[in-house]
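S.K.: Here it is, the structure, as structure tokens.
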Amino acid sequence: MTEEQIKLKGYYEETNPAKRRKLLLRALEDGEDREGNQLRREIWERRYSSSLDLEQRRERADGFLRLWIDLKTLAENPPGRFWVRREQKNLQAKLNKLGFYEFYERSDLARELLYQECLNVARVYVHLCFSDRNYSSAVLGMMQMKKGRVQNKIVNDLNGICRDLPGIIQIPEPLNLLLRAAKDTREELSERLEEEE
């Protein structure tokens, strides 16, 4: 594995947007893999709706995480039959704004990098679930759940996205990357759960 690949592996494993920004800027400065790094930059800017060059002190809004939460909510609370078309249009507008259609159709490399970004948002979601006190508590928030129960709860959430959502709404082709990322993350989490038992 080259030094560039090691840096970028850390980029996709990092959950903090500011640290990811620094890793990407460093990779851009090094000048290796210009096409890939330029695509990563474009995806980053769409995801966080901010230019990579601007140093902003406030937290950036994560558009991919917002999409993830919207899909999770849709899977948990399916719309009535009269609202499906409206939800379909809203979903297509969100995907268009985040650049899913654009990157999916651009090239195989862009599609692979978009998938890696989807894997990252799945990891961010898992990280947030483990660190959120409300998510990992039971009995009106008075007792913390055991780690195994929290993992099972997260696996159920991931199942809702990758397994249940296609039965609720028609999935646009680029969104299959996010569903695949949810499935891969679910399998990774399930394997980790089996190893710990």
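S.K.: May I ask you to verify whether D108 is of a type in the set (D, E, K, R) and in contact (Cβ under 8 Å) with a residue 12 or more places away in the chain?
M.R.: On the way: of a type in the set (D, E, K, R): yes; in contact (Cβ under 8 Å) with a residue 12 or more places away in the chain: no.
Spelling it out, it is not the case that D108 is of a type in the set (D, E, K, R) and in contact (Cβ under 8 Å) with a residue 12 or more places away in the chain.
S.K.: Here's a follow-up. Identify, from the list L95, L119, L114, the residue that is in a helix (DSSP H, G or I), of a type in the set (A, V, I, L, M), in contact (Cβ under 8 Å) with a residue 12 or more places away in the chain and within 30 Å of Q144 (Cα to Cα).
M.R.: Numbers: L95 fails: within 30 Å of Q144 (Cα to Cα); L114 fails: within 30 Å of Q144 (Cα to Cα).
It is L119.
S.K.: Before we move on, is L158 part of a helix (DSSP H, G or I), open to solvent by less than 70 Å² (accessible area, probe 1.4 Å), within 30 Å of L109 (Cα to Cα) and touching a helix residue (DSSP H, G or I) at 6+ places or on another chain (Cβ under 6 Å)?
M.R.: yes
S.K.: I need the full set of residues from region 156-197 which are hydroxyl-bearing (S, T, Y) and over 17 Å from C118 (Cβ atoms), in order please.
M.R.: Taking region 156-197 first, the residues hydroxyl-bearing (S, T, Y) are 185, 190.
S190, the sole residue that qualifies.
S.K.: On to the next question. Going by what's in this entry, would Q144 be described as surrounded by fewer than 16 Cβ atoms within 10 Å (Cβ to Cβ), polar (S, T, N, Q) and in contact with a helix residue (DSSP H, G or I) (Cβ under 8 Å, 6 or more places away or on another chain)? Lay out the reasoning, then the answer.
M.R.: Working: surrounded by fewer than 16 Cβ atoms within 10 Å (Cβ to Cβ): yes; polar (S, T, N, Q): yes; in contact with a helix residue (DSSP H, G or I) (Cβ under 8 Å, 6 or more places away or on another chain): no.
Taking the combined requirement at face value, the residue does not satisfy it.
S.K.: Also: Just name the residue that is modelled with the lowest pLDDT out of those in region 8-60 that are closer than 21 Å to E102 by Cβ, open to solvent by 20 Å² or more (accessible area, probe 1.4 Å) and of a type in the set (S, T, N, Q).
M.R.: Among them, the one singled out is S51.
S.K.: Where residues in region 112-141 are open to solvent by less than 40 Å² (accessible area, probe 1.4 Å) and farther than 18 Å from G63 by Cα, which of them is nearest to the chain's Cα centre (by Cα)? Reasoning before the result, please.
M.R.: If we filter region 112-141 for residues that are open to solvent by less than 40 Å² (accessible area, probe 1.4 Å), which is where we start, we get 113-115, 117-122, 124-126, 129, 135-138, 141.
Subset that is farther than 18 Å from G63 by Cα: 135-138, 141.
Numbers: Y135: 18, S136: 20, S137: 23, A138: 26, G141: 27 Å.
Of everything passing the filter in region 112-141, Y135 is nearest to the chain's Cα centre (by Cα).
S.K.: Only one residue in D62, D70, D108 is charged (D, E, K, R) and closer than 19 Å to N159 by Cβ, so which one is that? Outline the logic, then answer.
M.R.: Details: D62 fails: closer than 19 Å to N159 by Cβ; D108 fails: closer than 19 Å to N159 by Cβ.
Residue meeting the stated conditions: D70.
The values are calculated or read from the model by the stated rules, or taken from the named source; none is laboratory data. These numbers were taken from a predicted model, which means no experiment stands behind them. No Cβ is skipped: glycine too gets one built from the backbone with ideal geometry, and neighbour counts run over all protein chains shown. Just the protein is used for accessible areas: all its heavy atoms, side chains included, with ligands, DNA and RNA removed. Shrake-Rupley method; radii C 1.70, N 1.55, O 1.52, S 1.80 Å.
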